[in-house]
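Q: Quick one: structure below, then a few questions.
The values are calculated or read from the model by the stated rules, or taken from the named source; none is laboratory data. Since this is a predicted model, take the numbers as computed values, not measurements. Cβ coordinates were reconstructed from backbone atoms using ideal geometry, including for glycine residues, and neighbour counts include every protein chain displayed. When the accessible area is computed, the model is the full protein with side chains, heavy atoms only, and any ligands, DNA or RNA have been set aside. Shrake-Rupley method; radii C 1.70, N 1.55, O 1.52, S 1.80 Å.
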Amino acid sequence: QVQLVESGGGLVQAGGSLRLSCAASGLTFSSYTMGWFRQAPGKEREFVAALSWTGDVTRYADSVKGRFTISRDNAKNTVYLQMDSLKPEDTAIYYCAAGRYLMMRPTTKEYLYWGQGTQVTVSS
């Protein structure tokens, strides 16, 4: 059974930082593209960042480019999202996901497995 478990969310002031982690089990982690998505209240789930299975190709949403960094440790079956210079508009539930393909413009459709999410709240 595939499990993705996110951690690291919380409450932070604008301008602050958080590091999200997603621990995977039940799949060959090193064979999967990993992504982070987020969903704010009343909005659709949106792409944030993604990373190829090799770890050398990344994709970022324009809204987070230059502020967020995605990385992975295949030995630990874990993907990370370092979030710096956080803004109130980054407030959302953040989900990690595993998929087979890294598209030029990632969407939720390419991702097969999802975590339960972790809440990130940025106060102004």
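Q: If you average the sequence gap of Cα pairs under 8 Å that are 6 or more apart and divide by the length of the chain, what percent do you get for the contact order?
A: This gives 35 percent for the chain.
Q: On to the next question. For the range 57-63, just list the computed ³J(HN,Hα) in residue order, Karplus coefficients 6.51, -1.76 and 1.60, θ = phi - 60°, integers in Hz, with x standing in for Gly and Pro.
A: 10, 10, 9, 9, 5, 4, 5
Q: What would the Debye equation give as log₁₀ I(q)/I(0) for the range 1-108 at q = 0.21 Å⁻¹, counting only Cα atoms as equal point scatterers?
A: Scattering profile of the range 1-108, log10 relative to I(0): -1.14.
Q: For Val57 paired with Glu110, estimate the spin-label separation in nm (one decimal), with each label point 7 Å from Cα along the Cα-to-Cβ line.
A: 0.8 nm
Q: How big is the accessible area of Ser123 in square angstrom, nearest 10, if you roll a 1.4 angstrom probe over the protein chains?
A: Roughly 40 Å² of Ser123 is accessible to a 1.4 Å probe.
Q: Tell me the net charge near Leu86. Cut-off is 15 Å between Cβ atoms, Leu86 excluded, with +1 for each Lys or Arg and -1 for each Asp or Glu.
A: +2
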